[in-house]
Amino acid sequence: MDKKRLQKIHEVKGEKFLLAVETSDEHREYQKYEELRQKIWGEPKDNLSGTRNMMCENFIHDGSSLFIGLYAEDKEGHIKQDKDHLIGFSYGFVGIIDKETTFRNPDNLQFYSQYTCVRQGFQHFGLGVKIKEFQREILLEMFGICTVTCTYDSLTGVNAHRNIHHFGMDVVEYREDYYGDFGGLLNRVDIPCDRFFVSWDLKKEIQRPEYDLEYLIDSGYMVVRAEIEKVGGSKGPVELEVVKDLNLRLDHEFLLVEIPVDFYKMLKETDVSESKVRNIPIGWRMKTRQAFKTLFKRKYKIIDFKQIKKEGHKRDFYILKK
């Protein structure tokens, strides 16, 4: 196997990063993925397989999993494929689409992308997109697979921008409380872990109908609408978006669902004893759950996700079309 096809260097903002498919047959080499995953998610009750199993799962060896590591250069300009240089990774595995056909037809195969992450401090280089683009290359060229599925929190704008706007993934369904009482650094046990289940056609060209986001906002085509409020956060006074309106009676060709600009920040800032503040993200979850499930039943489809600046504040919107 040509190792050159399994690696790619990217230079972003004057810094170099290496994307590399994991090929090691030494099971201890796989521990670095679990260590980084814990640093990012911070949920000790949840973990990857043991290192021996991960090595065996690798498609390079005996399984159907794909590990892609993202490595940063050090101060001396060196990039090594070790835990000290690992700043991100993706992991997923081959599965099936139709449960009756199972593995009897190669066209029935899909790839489930379970983890994609970048360490804090490196999250403003667009590296999440680079990982997914490299994943697409490997899946098309080496796996011969054209469909990728994954889940993500519908309230996380950074993921929505990457998955919906940049890659044009299709939302297949809304899954309520998909992971149960899942905590860690990116979740809160009192907030239901609702997720979008999305499908990515790796060969599809993105084609969207034209729309005017400012016009849709100004015309009031917002199923979920928020306002900025100053509240007492965990680190002091902070401005956060609070849901003010849920209007399921709207019936236009295009509709908008607003979400917080930074839901991860909101979870941390509202982790306080005062119930009114603590319940802000719960309000977001329940109102948007109702909005998405209702609109999907009415045959609306998410066609895009955009951020816009209005009246001095950034705002995030899903754009849906019937």
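A short reminder: the numbers here are calculations on the coordinates, not readings from a lab. As the structure is a prediction and not an experimental result, all values here were calculated from the model. No Cβ is skipped: glycine too gets one built from the backbone with ideal geometry, and neighbour counts run over all protein chains shown.
So for 24, 273, fewest C-beta neighbours within 10 Å to most, what's the order?
273, 24
Using Cα-Cα distances under 8 Å and only pairs 6 or more residues apart, what relative contact order does the chain have, in percent? Don't jump to the answer; show the numbers that get you there.
On the way: 568 pairs, mean separation 39.4, N = 322.
This gives 12 percent for the chain.
What residues have an amide H closer than 5 Å to that of residue 172, excluding those fewer than 5 places away on the same chain, when H is modeled at 1.01 Å from N in the peptide plane?
197, 198, 199
Using just the helices of the chain, give the 222 nm mean residue ellipticity in deg cm²/dmol: DSSP H runs with n ≥ 4 each add -39,500 (n - 2.57), and the total is spread over all residues, rounded to 500.
My calculation for the chain gives -6000 deg cm²/dmol from helical runs alone.
For the range 213-321, what is the percent of antiparallel DSSP beta bridges, rounded to the nearest 5?
Restricted to the range 213-321, the bridges split so that about 95 percent are antiparallel.
Between residue 24 and residue 321, what length in nm is gained on full extension when 0.36 nm per residue of separation is reduced by their alpha carbon distance?
Result: 102.3 nm gained on full extension.
What does the charge dipole of the range 213-321 about its Cα centre add up to, to the nearest 20 debye, if the Cβ of each Lys and Arg holds +1 and the Cβ of each Asp and Glu holds -1?
Here the size comes out at about 500 debye.
Would you give the gap between the C-alpha center of the range 302-322 and the C-alpha center of the range 57-116, rounded to a whole Å?
Their Cα centres are 31 Å away from one another.
On the principal axes of its Cα set, how long, how wide and how thick is the range 72-224? Give whole Å, largest value first.
The Cα atoms of the range 72-224 stretch 55, 45, 37 Å along their principal axes.
Output the antiparallel fraction of DSSP beta bridges having both residues in the range 23-132, as a percent to the nearest 5.
Percentage antiparallel, nearest 5: 95.
In what sequence, highest mean first, do 283-291, 97-105 appear when ranked by Cβ atoms within 10 angstrom?
Per-residue mean Cβ counts within 10 Å order the peptides as 283-291, 97-105.
For 51, 116, which order do you get if you count the other beta carbons within 10 Å of each Cβ and list the fewest first?
Lowest to highest Cβ neighbour count: 51, 116.
When all C-alpha to C-alpha distances in the chain are sorted into bins of 20 Å, what percent of pairs does each bin hold, rounded to whole numbers?
P(r) for the chain, in whole percents per bin: 29, 57, 14, 0.
Would the range 147-201 count as rounded, prolate or oblate if I go by the C-alpha gyration tensor, calling it rounded below 1.5 in a/c and otherwise prolate when a/b exceeds b/c, oblate otherwise?
prolate
Show the residues, 5+ positions off or on another chain, whose built amide H is closer than 5 Å to the amide H of residue 110.
Amide H neighbours of residue 110: 95, 96, 97.
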